[in-house]
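Read through the structure below, which is laid out as structure tokens, and then see the notes.
The values are calculated or read from the model by the stated rules, or taken from the named source; none is laboratory data. For clarity, every value in this text was computed on a predicted model and none was experimentally measured. Every residue, glycine as well, gets a Cβ built from its backbone with ideal geometry; the counts of neighbours run over all protein chains shown.
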Amino acid sequence: MGQFSVEIREATGSILSGNQHPGAVVICCVTVPPAFAREIGARLAKQGVHFLDAPISGGSVKAAQGKLAIMASGTEAAFTAARPMLDACAETVFEMGDSPGMGSAMKAVNQMLAGTHIAAMAEAITFGMTQGIDPETFLKVIPNCAGTSWMLENRAPHIVAGDYTPHSAVDIWPKDLGIVLDAARASNFAAPLTAAALQQFIAASGMGLGREDDAAVAKVYARNAGMVLPAASSGEDR
């Protein structure tokens, strides 16, 4: 599973070392390959440890509010053991089945959509600029039209404000869309839109924008088009 799995193995070494008490539950809320979740679940099961594959969606704001969406899969015993945490963190828990990996598979589908929607929003808002439509007008009109999306309505205001304080950083997407494309290749599934979006996030990271909000992918399009995006109210392009 490549370099990604090496990094995750290092981060979860203590969990997999056999130091967990039988009957304990390990809850994995990060975005990992479905195959990795299946492997970890199988290894922990041999130790008598429950494993819940439970990636989250909602970002930092909903996390702080305890209103995340969680896509979880695991045994009934794992769900029972994890229920207090799930109830505290989530507004909605989608139970994806009794086998680890299905939660991560659903998260991969979500990330495919989310990443391509952010890139499409960035492409559209900068394309509009080339046609004489300023970003503020774009933001007034498109959310009321069929071309809108949750990501557009959430991220486009960052561009209009010139504020790239990270709520979800650019560097998340090379990892997450890489996971999506690895899973797609393993299933002999072509995902050209996802591949195109990934290249834009890689370009943004290469421009030194990796720790900025992922709306900063618009800076790639603006640079290529010779356009200047709105600046923050302080006069700085954060």
Residues Ala45, Ala63, Ala82: which one is of a type in the set (A, V, I, L, M, F, W, C), in a helix (DSSP H, G or I) and within 18 Å of Gln111 (Cβ to Cβ)? Ala63
Can you name every residue in segment 92-112 that is within 30 Å of Thr165 (Cβ to Cβ) and either among the small types (Gly, Ala, Ser) or more than 18 Å from the chain's Cα centre (by Cα) (or both)? Gly103, Ser104, Ala108
Considering only residues that are hydroxyl-bearing (Ser, Thr, Tyr) and exposed (fewer than 13 other Cβ atoms within 10 Å of the Cβ), look in segment 188-238 and name the one that is modelled with the lowest pLDDT. Ser234
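Is at least one residue of segment 74-88 in contact (Cβ under 8 Å) with a residue 12 or more places away in the chain, in contact with a strand residue (DSSP E or B) (Cβ under 9 Å, 6 or more places away or on another chain) and assigned by TED's automatic domain parsing to the domain that holds Leu193?
Initial filter on segment 74-88 (in contact (Cβ under 8 Å) with a residue 12 or more places away in the chain): 74-79, 81-82, 85-86, 88.
Those left that are additionally in contact with a strand residue (DSSP E or B) (Cβ under 9 Å, 6 or more places away or on another chain): 74-75, 77-79, 81-82, 85-86.
Still in the list and also assigned by TED's automatic domain parsing to the domain that holds Leu193: none.
No, because not a single residue in segment 74-88 is in contact (Cβ under 8 Å) with a residue 12 or more places away in the chain, in contact with a strand residue (DSSP E or B) (Cβ under 9 Å, 6 or more places away or on another chain) and assigned by TED's automatic domain parsing to the domain that holds Leu193.
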Would you be able to tell me the number of residues in segment 67-111 that are touching a helix residue (DSSP H, G or I) at 6+ places or on another chain (Cβ under 6 Å) and more than 15 Å from Val32 (Cβ to Cβ)? 2
Please enumerate the residues belonging to segment 40-73 that are more than 21 Å from the chain's Cα centre (by Cα) and surrounded by 19 or more Cβ atoms within 10 Å (Cβ to Cβ). Gly41, Leu44, Val49, His50, Phe51
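Okay, residues lined up against (1) among the basic types (Lys, Arg); (2) outside the structural domain of Ile118 (by TED's automatic domain parsing); (3) over 25 Å from Gly59 (Cα atoms); (4) under 15 Å from the mean Cα position of the chain (by Cα):
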site: Val170; (1), (2), (3), (4): no, no, no, yes
site: Trp173; (1), (2), (3), (4): no, no, no, yes
site: Asp176; (1), (2), (3), (4): no, no, no, yes
site: Ile179; (1), (2), (3), (4): no, no, no, yes
site: Gln199; (1), (2), (3), (4): no, no, no, no
site: Asp213; (1), (2), (3), (4): no, no, no, yes
site: Ala232; (1), (2), (3), (4): no, yes, no, no
Looking only at segment 43-51, decide whether some residue is closer than 24 Å to Ser187 by Cβ and modelled with pLDDT of 95 or more. yes
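Looking only at segment 18-42, count every residue that is assigned to a helix (DSSP H, G or I) and in contact with a helix residue (DSSP H, G or I) (Cβ under 8 Å, 6 or more places away or on another chain) and tell me the total.
5
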